[in-house]
Amino acid sequence: MIEIPDSEILPLSLEHSFWTWSAQGSVSPIPVTRAEGVYFWDANKKRYLDFNSMLMCVNIGHGDRRVIEAIAEQARRLPYAAPSMTTKPRAVLGKMLSEITPGNLNRFFFTLGGAEANENAIKIARAYTGKHKILARYRSYHGATAGAMSLTGDPRRLAWEPNLMTGVVHFLDPYRYRSTFHRLNPDISDNDFTQDYLNHLEEMITYEGAETIAAILLETVTGTNGIIIPPDGYLQGVRELCDKYKILLICDEVMSGFGRTGKWFAVDNWKVVPDLMTMAKGFTSAYAPLGAVAMSEEIAEYFDERVFYGGLTYNSHPISMAAAIATIKVIQEDRLVENAQKMGTVLRRHLNDLGEQHASVGEVRSIGLFSAIEVVRNRETREPMAPYNASSPEMDRLRQHLLDNGVYTFVHWNVIHVNPPLIINKEQLAEGFKVIDKALEITDKAVSE
């Protein structure tokens, strides 16, 4: 590698890189030089508390030597094998995954990330059912490739229409704080609220024709669009509708998997077994790129005598496999799923305290170490501090205050995400929430009576 001083990282990167989700002239990346545990440092030696696990992916924290050494050892032993071959890491990882995935999801198609996993889940579902349509939710995000972007319901999809995959129909999320159906009846019971959204989905199935629908795809817990946690009974109800109408259920666990919600996978919170389940991010804690589609034995057996027309040059890449094996071992050895439960309780107390102390906090939501703070201008009207698909001067200042004070997290529209590594402790949570507490004074000043 060409040696450059840390001071050159930013200017050279701006000169030669093309950036995601950005107008190229307005990017301002943090030049990261090293990371350890729940912290990382920039080129000016400033320390940041990583309160978002980078991009909801570094679940075991930064710099774990057990994973790094596993990657290095695999690189020395066998850095690559063609996808038509198999290797020891491929064999071992399949067995390990089958022991932690729910139900009979015992067969795995490996990819390099979540978007590719969702793309291939759709191919498998369409081939298996012989049907074409996919139902997905409006507040979902499933990836930036053409097929995954078609599945995505949020505004990132709009820029690429109409040149996207056909056959995708979107429906509404059970988002109680901003329920389309209950603006005039916010005190509706939880059971009735849940049933109304299941009725909405069933009505969509009726209109679209169950005989044309291959699958319903959903993020088990909606991620970047606000950590929207399904009410009890909703996921079970979707499972029942899929069974009733012979539709496959695909759960996107790219963000919510591998301990994030206090269970190995978010579906485990509701004891639901999907037909297909996608995963990435925390799979290797982002130490190497990897995703997968988990499928039931019945779906896998369908292809015993039928060709699956899909493939990737880096399918089952040995280095990524080794990283995943080591990551799963770390999660197990360090009891990080259990720590996500334990620290999730602490995190929830911090969130509730913010809700009581700040007029601009409309709602807080959390499950395990997967959480969000929804910021509003008016608690009565629930007017968001930034409009849908946009920011605002107040949210921009809040985001900058967090960075200035060494807390890195994801601020999306009017929502502050708090998704720290699963290794976090009480003191580190308190450190981050102290900065958020101060930052919310900025938005409190914009609250209207």
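Structural remarks
- Test for residue 389: is it assigned to a loop (DSSP other than H, G, I, E, B), on the phi > 0 side of the Ramachandran plot and either crowded, with 23+ Cβ neighbours inside 10 Å or touching a residue at least 24 places away in the same chain (Cβ under 8 Å) (or both): yes
- Within the range 294-318, residues that are more than 19 Å from residue 249 (Cα to Cα) reach partners that are acidic (Asp, Glu) with beta carbons closer than 8 Å, at six or more positions or on different chains, in the pairs 312/116.
Residue-wise test of (1) closer than 30 Å to residue 73 by Cα; (2) in the same structural domain as residue 288 (by TED's automatic domain parsing); (3) of a type outside the set (D, E, K, R).
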| residue | (1), (2), (3) |
| --- | --- |
| 308 | no, yes, yes |
| 318 | yes, yes, yes |
| 321 | yes, yes, yes |
| 351 | no, no, yes |
| 356 | no, no, no |
| 373 | no, no, yes |
| 377 | no, no, no |
| 383 | no, no, no |
| 395 | no, no, yes |
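- Among the residues listed as 222, 278, 261, 194, the single one being surrounded by fewer than 22 Cβ atoms within 10 Å (Cβ to Cβ), hydroxyl-bearing (Ser, Thr, Tyr) and closer than 24 Å to residue 415 by Cβ: 194
- Verdict on residue 339 being polar (S, T, N, Q) and out of contact with any Pro (no Cβ under 7 Å at 6 or more places or on another chain): yes
- Residues satisfying the stated conditions in the range 272-306, i.e. within 18 Å of the chain's Cα centre (by Cα), part of a helix (DSSP H, G or I) and not charged (D, E, K, R): 282, 283
- Qualifying residue in the range 425-435 (condition: among the acidic types (Asp, Glu) and within 30 Å of residue 284 (Cβ to Cβ)): yes
- Single residue of the range 201-217 satisfying the filter (buried (at least 16 other Cβ atoms within 10 Å of the Cβ) and assigned to a helix (DSSP H, G or I)) that is farthest from the chain's Cα centre (by Cα): 210
- Hits in the range 343-358 - residues which are more than 17 Å from residue 51 (Cα to Cα) and either buried (at least 19 other Cβ atoms within 10 Å of the Cβ) or not acidic (Asp, Glu) (or both): 352, 355, 357, 358
- In the set (1) in contact with a His (Cβ under 8 Å, 6 or more places away or on another chain); (2) among the small types (Gly, Ala, Ser); (3) part of a strand (DSSP E or B), residue 366 fails one condition alone, (1).
- In the range 332-346, the residues that are in contact (Cβ under 8 Å) with a residue 60 or more places away in the chain form Cβ pairs under 6 Å with partners that are surrounded by fewer than 18 Cβ atoms within 10 Å (Cβ to Cβ), at six or more places apart or across chains, as follows: 346/426.
- Every listed requirement among (1) farther than 20 Å from residue 246 by Cα; (2) outside any loop (DSSP other than H, G, I, E, B); (3) in contact (Cβ under 8 Å) with a residue 40 or more places away in the chain is met by residue 193 save one, (3).
- The number of residues in the range 15-33 that are in contact (Cβ under 8 Å) with a residue 12 or more places away in the chain and out of contact with any helix residue (DSSP H, G or I) (no Cβ under 9 Å at 6 or more places or on another chain) comes to 1.
- Taken as a whole, the range 140-149 holds at least one residue that is assigned by TED's automatic domain parsing to the domain that holds residue 172, at positive phi and buried (at least 22 other Cβ atoms within 10 Å of the Cβ).
The values are calculated or read from the model by the stated rules, or taken from the named source; none is laboratory data. Treat the numbers as computed from the prediction; the structure is a model and nothing was measured. Don't worry about glycine lacking a Cβ; one is built from the backbone with ideal geometry, like all the others, and counts go over all protein chains shown.
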